[in-house]
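Read through the structure below, which is laid out as structure tokens, and then see the notes.
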Amino acid sequence: QVRLAESGGGLVQSGGSLRLSCAASGSIWSSNTMGWYRQAPGNQRELVASIDNRGTINYADAVKGRFTISRGDAKNTVYLHMHSLKPEDTAVYYCKFSSIVNGNAWGQGTQVTVSS
């Protein structure tokens, strides 16, 4: 079973920056993908960014050039650096872990609020 611990998030003014962190623990299969999703009220959960164990990265078009996803040295930690935040980035952000062996695991979610 994979467990995810998220941190970061909070309230920031438009144009500001935040960093989210997510650490995975448990019996982790080394070939995996970690990523961040977000869900705003009334909207479906959507992919923000993902990175696999080989460093392959995907970004949603809405965040390209503003957000950066990276892995920590321990490889079981993923970061999301968010810059030039906009009010439309306001959402609950969820960390996700995926592997063929472990399946999918989700974090509890962390609120990001961007004020105009």
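The values are calculated or read from the model by the stated rules, or taken from the named source; none is laboratory data. Just so it is clear, the model here is predicted, and its values are computed rather than measured. Methodologically, a virtual Cβ is constructed for each residue, glycine included, from the backbone with ideal geometry; neighbour enumeration extends over all protein chains shown. Ligands, DNA and RNA are stripped out before the accessible areas are found, and what is left, the full protein with its side chains, is counted by its heavy atoms. Shrake-Rupley method; radii C 1.70, N 1.55, O 1.52, S 1.80 Å.
Some notes on this structure:
- Stretching the chain fully between residue 116 and residue 45 yields a gain of 23.3 nm (0.36 nm per residue, less the alpha carbon separation).
- Under 22 Å of direct C-alpha separation, and excluding same-chain neighbours fewer than eight residues apart, residue 86 reaches these lysines: 64.
- Element breakdown for region 13-116 at a 1.4 angstrom probe: carbon and sulfur atoms account for 46% of the accessible area.
- When the chain is treated as a Gaussian network with alpha carbon springs shorter than 10 Å, the biggest mean-square fluctuation among 32, 53, 76 belongs to 53.
- Accessible area of the chain divided out per residue, in Å², using a probe of 1.4 angstrom: 53
- Using alpha carbons only: equivalent-ellipsoid semi-axes of region 1-82, gyration tensor based, whole Å: 22, 14, 13
- Cα-projected label distance for residue 74 with residue 5, points at 7 Å along beta-carbon direction, nm: 0.7
- In a DSSP loop and with at most 15 other Cβ atoms within 10 Å, the chymotrypsin sites (Phe, Trp or Tyr not before Pro) in region 1-100 are 29.
- GNM top mover of 23, 62, 49 - the chain, alpha-carbon springs below 10 Å: 62
- Note: relative contact order over region 64-116, using C-alpha pairs below 8 Å and six or more positions apart, is 30 percent.
- Once each of the trypsin sites (Lys or Arg not before Pro) sitting in a DSSP loop with at most 12 other beta-carbon atoms within 10 Å is removed, the chain keeps 1-53 as its longest stretch.
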